[in-house]
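Colleague: Pasting a structure below so you can have a look.
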Amino acid sequence: MTLYIDPPTWPGHGRLWSHLVSDVSYDELHAFAERIGCPRRAFERDHYDVPEFRYADAVRAGAVEVPPREIVRVLVAAGLRRPKGRPA
């Protein structure tokens, strides 16, 4: 049961963003995101978009830092990947 986060390198809305994922379940992901102050509206299909200013909070809370490609690998291996355009 691990949470993973990539570096805040994704631009949007005037800031940089990270992706936060679970290797177990969406329930685990939602609970962790709530603990670090990420609102549910930041959840997008299979991950949370985490603003740069919350990155350190996620790492301190136990999220493992990984490269962006690892995020997709974790989701696929866990069976939690939900690509755009495919039903949930």
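Colleague: Can you pull the percent of the range 1-59's accessible area that's carbon plus sulfur, 1.4 Å probe, other chains left in place?
Modeller: Using a 1.4 Å probe with all protein chains present, the range 1-59 comes out at 54 percent carbon and sulfur.
Colleague: For the chain, state which trypsin sites (Lys or Arg not before Pro) are in a DSSP loop and have at most 16 other beta carbons lying within 10 Å of their beta carbon.
Modeller: Passing both the DSSP loop test and the Cβ count: ARG45, LYS84.
Colleague: Quick check for me: using +1 on Lys/Arg Cβ and -1 on Asp/Glu Cβ, what's the dipole size of the range 1-83 about its Cα centre, in debye to the nearest 20?
Modeller: 180 debye
Colleague: Let me ask something else. So what are the radius of gyration and Dmax for the Cα set of the chain, in Å?
Modeller: 11.8, 34
Colleague: At 1.4 Å probe size, with every protein chain present, just tell me what the per residue accessible area of the range 7-86 comes to in Å².
Modeller: Per residue, the range 7-86 has an accessible area of 60 Å².
Colleague: Further question: Lys/Arg Cβ at +1, Asp/Glu Cβ at -1, dipole of the range 18-88 taken about the Cα centre: which of VAL64, GLY79, TYR26 is farthest positive-ward?
Modeller: Looking along the dipole axis, the top candidate is GLY79.
The values are calculated or read from the model by the stated rules, or taken from the named source; none is laboratory data. Note that the structure is a prediction, hence the values are computed from the model and not measured. Because the Cβ atoms are built from the backbone with ideal geometry, glycine has one as well, and the counts that use them run over all protein chains shown. When the accessible area is computed, the model is the full protein with side chains, heavy atoms only, and any ligands, DNA or RNA have been set aside. Shrake-Rupley method; radii C 1.70, N 1.55, O 1.52, S 1.80 Å.
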